[in-house]
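The values are calculated or read from the model by the stated rules, or taken from the named source; none is laboratory data. Owing to the predicted nature of the structure, the values given are computational and were not obtained by experimental measurement. Every residue, glycine among them, receives a Cβ derived from its backbone with ideal geometry; neighbour counts consider all protein chains shown. Just the protein is used for accessible areas: all its heavy atoms, side chains included, with ligands, DNA and RNA removed. Shrake-Rupley method; radii C 1.70, N 1.55, O 1.52, S 1.80 Å.
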Amino acid sequence: MAADYGPSGLGQASVQGTPEQDGYQQGGSERGAPGSHGPFSSEQASGEGASERGGSEAGGESAARRIALDALSRAARTRGQLEALLQRKEVAPEAAAAVLDRFEEVGLIDDRGYAEAFVESRHRVRGQGSRVLSMELRRRGVADDVVADAIGGLDPDREFETACRIARSRYERMPAVAPEVKVRRLAGFLARKGYSGLVVARVVRQVVESVDSLAVAAEALDGMGDGEIGDDGDV
């Protein structure tokens with residue numbers, strides 16, 4: 001199984017993984033990502049006439065550009081992740097800030113676009129709810145207002161439908177245990193996925209009632225003999 005972004009956070013931002021893991025690809029849909037066909041190049045990222053103070057030094061702007069571009073060529077990164085990476089590489093804070101500012105200007109760093117794509121992908125593919133999505137984005141150094149906007153774009157009805165879908169699949173695969181145990185496990189599963197208590201309660205009720213009523217109906221039909229059902233389907 002491919003590695004995920006892992007335990008990032010502003011102080012421990014991951015630099016592993018691929019763009020596909022978060023659904024944030026750096027192909028034609030990305031603005032100026034390294035290796036893409038976007039409008040920006042690594043030369044533009046350096047900025048025409050940009051200051052080269054410390055460029056020849058290991059911790060200067062040249063090193064910062066090289067390290068950041070290498071990371072971006074492998075996966076989309078937030079500014080917070082790149083800041084943490086450059087700090088670990090002992091790049092001077094002033095040099096790192098200058099390079100990252102320039103990258104934002106030309107579109108190589110786009111935390112808002114990253115957050116929107118992250119929410120869409122993780123919700124659709126992994127069924128994660130808004131709470132977990134918010135936490136994961138903050139761990140990647142995304143600003144609170146950007147996180148709020150990205151999560152706000154997640155339609156409540158769609159979130160409920162996704163929760164029902166993953167809950168039904170989970171419930172149907174549960175072993176034969178007491179009903180109250182199933183309900184407790186299902187609620188815990190949804191909570192860990194990041195759904196609110198209100199959503200969890202609604203989903204659990206709907207899924208349990210739906211699945212169990214279908215099971216009762218199936219059991220009743222299985223218990224009927226062929227002679228008990230007419231040609232027209234009437235009992």
Point to revise | Within the range 140-190, considering residues that are open to solvent by less than 30 Å² (accessible area, probe 1.4 Å) and of a type in the set (D, E, K, R), the one farthest from Q206 (Cα to Cα) | key: R140
Check your understanding: Are any of the residues in the range 108-125 acidic (D, E), under 19 Å from R74 (Cα atoms) and crowded, with 20+ Cβ neighbours inside 10 Å?
Key -> yes
Point to revise | Residues satisfying the stated conditions in the range 71-93, i.e. in contact (Cβ under 8 Å) with a residue 24 or more places away in the chain and assigned to a helix (DSSP H, G or I) | key: A71, L72, S73, R74, R79, G80, Q81, L82, E83, A84, L85
Check your understanding: Does L137 satisfy being open to solvent by less than 50 Å² (accessible area, probe 1.4 Å), out of contact with any His (no Cβ under 7 Å at 6 or more places or on another chain), among the hydrophobic types (A, V, I, L, M, F, W, C) and assigned to a helix (DSSP H, G or I)?
Key -> yes
Exercise for review: Please find, among R53, R102, R88, R65, the residue that is modelled with pLDDT under 95 and open to solvent by 10 Å² or more (accessible area, probe 1.4 Å).
Suggested key: R53
